[in-house]
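The values are calculated or read from the model by the stated rules, or taken from the named source; none is laboratory data. As the structure is a prediction and not an experimental result, all values here were calculated from the model. Neighbour counts run over all protein chains shown; Cβ positions are idealised from the backbone, glycine included. Ligands, DNA and RNA are excluded from the accessible area calculation, which covers all protein heavy atoms including side chains. Shrake-Rupley method; radii C 1.70, N 1.55, O 1.52, S 1.80 Å.
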Amino acid sequence: MKVFISADMEGISGVATNQQLKTPSEYQRFRKLMTADVNAAIDGAINGGATEVVVADGHGNMSNILIEDLDTRARLVSGSNRVMCQLEGLDDSFAGIMFVGHHGREGGSDLTVISHTLAGVCVNEMKVNGKIVGETELNAYVAGAFGVPPLFISGDDAYIKEVKETLPNVESAITKRAVDRFAAELIHPETAQDAIRQKSEAAVQKVKEQKPVTLNGPITFELEFKGPQQAKMTTTLPTVELISPKKIRFTCNDMVEAYKHMWACVIIAITATNGVLGNVNA
Ligand SMILES: [Zn+2]
């Protein structure tokens, strides 16, 4: 039985501020903690019956997890040039997907720790068929298109509450209490990792009870960007319609195609933030 893990960093145990993930010396500490949280989930998944685990590193440059410290029973997708973004490597051969260290969406109802949607520099709001989504819900829909159900989430308490509104049946492990977007009441990482191990094991044990979450038919994305220059540059794609200075819309035949299209728009928008060729030495 194959289990896929989408790993992010903001919801990892010990993380309370963005500075911790950006200051070089601090960042090295949190790479170790991220790897340890992921290891707890791998151990739980295998104890629960998984025979293969693939982890996709999905934070920042997507190469945070320390491969030399990763559980030897797992494989790691690392590096950021990925057509399938946080889900590179996922296909219909997996029995379930787990989300480790994820975070709430930009502008969510609670001040979840370091909340954002995919790229804080450009995405203000993302809607799929009219519903506002964060990364976990979005990825769960894409996994659903492959017939893969969501099993487990870990992150701060406000994130878990937010995601359970859409995915009520997932098992969850709380890694900290959200105090503010840039503050948290922390517990010791080993305590959080014990919870991750236990809950991911329980989640995989009952994998047969879990159903994929699916959106059928044409999929329409609406993306609101932070700046009009970001929205405008995505209209280089003929499928993109500008519906207001900062908002775009496009429709694709299915969720996987739409996810890739969304990712293309976000890549363009990130690049357009300060002028598309500003940092290219050509
Ligand atoms: Zn992240």
Original post:
Pairing the Cα long axis of helix 189-205 with the longest principal axis of the chain, what angle in degrees results, from 0 to 90 and rounded to the nearest 10?
Top reply: 90 degrees
Subject >> Long-range amide H partners of residue 96 with built H, under 5 Å >> reply: 4
Subject >> Solvent-accessible ranking of 146, 94, largest area first, probe 1.4 Å >> reply: 146, 94
Subject >> Segment residue 239-residue 179, length gained on full extension (0.36 nm per residue, minus Cα span) >> reply: 17.5 nm
**OP:** With only Lys, Arg, Asp and Glu charged, each at its Cβ (+1 for the first two, -1 for the last two), find how big the charge dipole of segment 145-219 is about the Cα centre; round to the nearest 20 debye.
**Re:** 260 debye
Original post:
Dipole of the chain, Cα-centred, from +1 at each Lys and Arg C-beta and -1 at each Asp and Glu C-beta, to the nearest 20 debye?
Top reply: 480 debye
Subject >> Global form of the chain, assessed from the alpha-carbon gyration tensor, a/c cut-off 1.5 >> reply: prolate
Original post:
Leaving out same-chain residues fewer than 8 places away, which aspartates and glutamates sit with a Cα under 15 Å from that of residue 246?
Top reply: 125, 222, 224
Original post:
Along the charge dipole of segment 21-124, Cβ charges K/R +1 and D/E -1, which of 34, 117, 24 sits furthest on the positive end?
Top reply: 24
**OP:** Just tell me which aspartates and glutamates come within less than 20 Å, Cα to Cα, of residue 2; anything on the same chain fewer than 8 places away is out.
**Re:** 37, 43, 52, 57, 71, 88, 91, 92, 171, 201, 209
Subject >> Gained length - residue 52 relative to residue 274, 0.36 nm times residue gap less alpha-carbon distance >> reply: 75.7 nm
Original post:
Could you give me the ³J(HN,Hα) list for segment 12-29, computed from phi with Karplus coefficients 6.51, -1.76, 1.60 and θ = phi - 60°, whole Hz, x at Gly and Pro?
Top reply: 5, 4, x, 7, 10, 9, 5, 4, 4, 8, 10, 5, x, 5, 5, 4, 5, 4
Subject >> Of 56, 85, 140, farthest towards positive along the dipole that unit charges on Lys, Arg, Asp, Glu beta carbons give the chain >> reply: 85
Subject >> Degrees between helix 255-272 axis and first principal axis of the chain (Cα, 0 to 90, nearest 10) >> reply: 70 degrees
Original post:
Which of the peptides 105-111, 67-73 is most tightly packed, and how do the rest follow, judged by the mean count of other Cβ atoms within 10 Å per residue?
Top reply: 105-111, 67-73
**OP:** May I ask for the angle, rounded to the nearest 10°, between helix 135-145 and the longest principal axis of the chain, with both axes built from Cα atoms and the value confined to 0 to 90°?
**Re:** 90 degrees
Subject >> Full-extension gain in nm, residue 28 to residue 2, via 0.36 nm per residue minus C-alpha separation >> reply: 6.4 nm
Original post:
Taking the Cα centre of segment 219-272 as the origin, how large is its charge dipole in debye, to the nearest 20, when only Lys and Arg (+1) and Asp and Glu (-1) carry charge on their Cβ atoms?
Top reply: 240 debye
**OP:** Go through 127/260; 22/260; 161/260; 127/226; 131/206 and tell me which ones have a Cα-Cα distance over 19 Å in this structure.
**Re:** 22/260; 161/260; 131/206
